[in-house]
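These notes concern the structure reproduced below.
Read the figures in this text as sums done on the coordinates, not as results from a lab. As the structure is a prediction and not an experimental result, all values here were calculated from the model. As a convention, Cβ positions derive from the backbone with ideal geometry for all residues, glycine included, and neighbour counts pool all protein chains shown.
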Amino acid sequence: MTLTEKILARAAGKAKVEAGDNVWVSADVLMTHDVCGPGTIGVFKREFGKTAKVWDKQRVVIIPDHYIFTADSKSNRNVDILRDFVREQGLPYFYDVIDNPDGNWVFDPSKGLLKKQYGSNYAGVCHTALPQKGHTRPGEILFGTDSHTCMAGAFNEFATGIGNTDAGFVMGTGKLLLKVPETMHFRLEGALQPGVMAKDIILHCIGEIGFDGATYRAMQFDGSGVASLSMDDRMTIANMAIEAGGKNGIFEFDAQTKAFVDYRCKLNGTKATYQPVERDANEKFVYDMVVDLSKLEPTVACHPDPGQRKKAKEMDVKLDRAYIGSCTGGKTSDFLEFARVLKGKRVMIDTFGVPATPEIVHDLQTARWGEKTVWQILVDAGVQMTENAGCAACLGGPVDTFGRMNTPMKCISATNRNFPGRMGHKESQVFLASPATVAASALTGKITDPREYWS
């Protein structure tokens with residue numbers, strides 16, 4: 001069996017499953033957020049009763065992160081709906097925007113968009129917060145009401161996005177009927193050259209198979225090259241499995257996985273036991289691809305979908321905006337590579353920086369390169385940095401969302417999706433690239449190969 005098949009078989013209580021089988025699996029964690037949470041709660045109460053209790057309050061994780069730092073009253077209200085439900089259910093894993101459990105969330109636009117407006121429990125973007133807060137474990141089943149839930153596959157688990165109806169059912173029963181997906185195999189060999197990042201790996205793969213090339217399939221990443229990739233790198237790759245239509249992305253378990261998961265579970269006091277899955281000699285794949293990491297170059301996914309691949313060095317596209325952030329491109333390591341290119345220079349176009357979580361904000365504001373923090377280096381380079389960690393303009397949001405494109409423009413972004421209207425105006429164009437490529441492009445005002453700035 002493949003890695004995905006092994007996890008699904010265990011969760012279904014079966015010795016073996018094959019691609020195409022329909023099986024009932026038990027969920028280990030259900031995650032929802034402010035956009036889909038209210039709908040999921042509505043389905044749960046409609047189907048199980050207004051006084052029903054969730055199947056296991058230790059396994060439900062609620063993370064507001066999408067439409068948070070906006071004056072839009074309905075968006076603010078969604079966070080309050082989550083808080084009311086958490087209070088009713090006695091759920092321990094709710095990462096609220098405010099500290100008062102009986103309060104109401106109201107964003108104050110008079111304070112501006114740059115200074116933080118959240119309390120001590122706020123966790124930021126759900127997919128980055130889940131591993132930081134100790135909710136991702138090898139061998140488990142993670143369902144989330146967000147398509148990029150597949151990011152947690154970096155930790156050797158089956159993680160996939162589901163809709164509100166399915167989530168409402170899981171909330172009440174802890175189970176879900178799934179068809180076992182076929183598995184596509186991506187064997188990574190070698191190591192990345194300077195100036196090339198994990199984002200370039202996944203953009204290359206999607207470019208090879210197309211933005212629908214993995215539809216309802218598992219994308220399994222393994223091979224000797226994985227050892228050279230950090231957990232952040234693996235998260236970037238697994239995150240974008242959905243951008244090829246994938247059901248999930250998954251990596252092998254290794255010492256890096258163990259060290260990360262063990263530390264985060266211990267730090268947060270979450271469940272620390274888990275059973276990773278390892279590869280079989282007789283795996284059946286529907287597709288095989290070998291990726292020589294040493295031969296990859298800075299890559300861009302052009303408008304209007306993530307499969308429109310080009311090499312950065314071959315492009316001559318004038319830009320209006322640059323953006324770094326999101327679960328895919330807003331991690332500490334992403335900002336460090338971004339800052340490495342920008343240090344001592346000045347951007348030519350409007351450039352927005354949105355750390356994924358408050359922990360990352362802290363990292364950037366305390367880590368020092370010489371006399372300056374990394375945060376100050378970015379601000380001095382002309383980057384508009386916000387302390388309000390979250391999804392922000394990655395998915396558009398209300399018109400007052402930080403970094404949102406409210407007029408037609410061209411933006412290079414370290415985010416994960418670039419369909420028309422994704423980051424705001426429906427006539428805008430989004431070019432997906434690595435943080436290094438975004439930084440180099442911000443310096444020139446056009447899509448630029450970051451290796452020109454590498455030292």
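Find the percent of Cα-Cα distances in the stretch 347-417 that exceed 21 Å, and round it to a whole number.
Looking at the stretch 347-417, the distances longer than 21 Å represent 29 percent of pairs.
Run the numbers on the stretch 3-177 and let me know its relative contact order in percent, using alpha-carbon pairs under 8 Å that are six or more apart.
Values: 311 pairs, mean separation 53.2, N = 175.
Contact order relative to length: 30 percent.
Sequence gap of 8 or more, or different chains, plus Cα separation below 22 Å: how many lysine pairs satisfy both in the stretch 266-326?
Numbers: Lys295/Lys310; Lys295/Lys311; Lys295/Lys313; Lys310/Lys318.
Counting lysine pairs in the stretch 266-326 gives 4.
Give me, ordered by chain and number, the residues 5 or more places off Phe431 or on other chains with an amide H under 5 Å from its own placed amide H.
Amide H neighbours of Phe431: Cys411, Ile412, Ser413.
Under unit Cβ charges (Lys, Arg +1; Asp, Glu -1), what dipole magnitude, rounded to 20 debye, does the chain have relative to its Cα centre? Don't skip to the end; give the middle numbers.
Values: 53 positive and 54 negative charges, 96 e Å.
With only Lys, Arg, Asp and Glu charged at Cβ, the dipole is about 460 debye.
Using Cα positions and a limit of under 22 Å, work out the lysines in reach of Lys116, with same-chain residues fewer than 8 apart set aside.
Lys116 reaches Lys74, Lys133, Lys331, Lys372.
For Asp320 and Asp99, what does the FRET efficiency come to when R0 = 41 Å and r is the distance between their Cβ atoms, rounded to the nearest 0.05? Intermediate values should be presented prior to the final figure.
Working: r = 38 Å, r/R0 = 0.94.
Working from the Cβ atoms, E equals 0.60.
May I have the convex hull volume per residue, in Å³, for the Cα set of the stretch 3-177?
On the way: hull volume 19.6 nm³, N = 175.
Here the figure is 112 Å³ per residue.
For Thr128, Thr136, Thr183, what ranking results if the residue with the fewest other Cβ atoms within 10 Å of its Cβ goes first?
Working: Thr128 28, Thr136 31, Thr183 24.
By the 10 Å Cβ count, ascending, the order reads Thr183, Thr128, Thr136.
According to a simple spin-label model (label point 7 Å from Cα along Cα-to-Cβ), what is the distance in nm between Val290 and Thr273?
Result for the modelled spin labels: 4.2 nm.
Would you mind telling me the antiparallel percentage of the DSSP bridges in the chain, rounded to 5?
20 percent
Output ³J(HN,Hα) for the stretch 228-240: one whole-Hz value per residue in order, computed from phi by the Karplus curve 6.51 cos²θ - 1.76 cosθ + 1.60 with θ = phi - 60°, and x for Gly and Pro.
Ordered by residue, 3J(HN,Hα) equals 7, 9, 6, 5, 4, 4, 5, 5, 4, 5, 4, 3, 9 Hz.
For the stretch 74-148 and the stretch 401-455, write down the distance between their C-alpha centroids in whole Å.
Centre-to-centre (Cα) distance: 27 Å.
With r defined as the distance between the Cβ atoms of Lys258 and Asn22 and R0 fixed at 25 Å, what FRET efficiency is calculated, to the nearest 0.05?
Values: r = 33 Å, r/R0 = 1.30.
Approximately 0.15, to the nearest 0.05.
Over the Cα atoms of the stretch 182-295, how large are the radius of gyration and the largest Cα-Cα distance (Dmax), in Å?
Looking at the stretch 182-295, its Cα Rg and Dmax stand at 14.6, 42 Å.
So I have (1) 25.2; (2) 21.2; (3) 20.0, and one of them is mean projected area of the Cα convex hull in nm² calculated from this model. Which one is it?
Here mean projected area of the Cα convex hull in nm² agrees with entry (3).
Over the alpha-carbon set of the stretch 304-455, work out the extent along each principal axis and list the three values in angstrom, largest first.
Between the extreme Cα coordinates on each principal axis of the stretch 304-455 lie 42, 34, 23 Å.
Kindly put Asp102, Asp222 in sequence by how many other C-beta atoms sit within 10 Å of each C-beta, fewest to most. Let's see the in-between values first.
Working: Asp102 8, Asp222 17.
Sorted ascending by nearby Cβ count, the order is Asp102, Asp222.
For the chain, calculate the relative contact order in percent as a whole number, restricting contacts to Cα pairs under 8 Å that are 6 or more residues apart. Write down the numbers at each step before the final one.
Numbers: 1154 pairs, mean separation 79.4, N = 455.
Averaging sequence separation for qualifying contacts and normalising by length gives 17 percent for the chain.
Please list, ordered by chain and number, the residues whose modelled amide H lies under 5 Å from the amide H of Thr183; skip anything fewer than 5 residues away on the same chain.
Amide H neighbours of Thr183: Ala218, Val286.
In debye, nearest 20: dipole of the stretch 299-453 around its Cα centre with unit charges on the Cβ of K, R (+) and D, E (-)? Could the numbers behind the result be given before it?
Working: 20 positive and 16 negative charges, 82 e Å.
The calculated dipole for the stretch 299-453 is roughly 400 debye.
What chymotrypsin sites (Phe, Trp or Tyr not before Pro) does the stretch 363-455 have in DSSP loop regions with at most 13 other beta carbons within 10 Å? Don't jump to the answer; show the numbers that get you there.
Working: sites: Trp369, Trp375, Phe402, Phe431, Tyr453, Trp454; in loops: Phe402, Trp454.
Hits after loop and neighbour filter: nothing returned.
Which of Asp108, Asp350, Asp334 comes first, and how do the rest follow, when ranked by fewest Cβ neighbours within 10 Å? Write down the numbers at each step before the final one.
Numbers: Asp108 9, Asp350 17, Asp334 29.
So the residues, fewest neighbours to most, are Asp108, Asp350, Asp334.
Could you sort the peptides 435-442, 265-272 by per-residue average Cβ neighbour count (10 Å cutoff), highest mean leading? The partial results should precede the final answer.
Numbers: 435-442: 30.8, 265-272: 14.0.
So the peptides 435-442, 265-272, ranked by packing, come out 435-442, 265-272.
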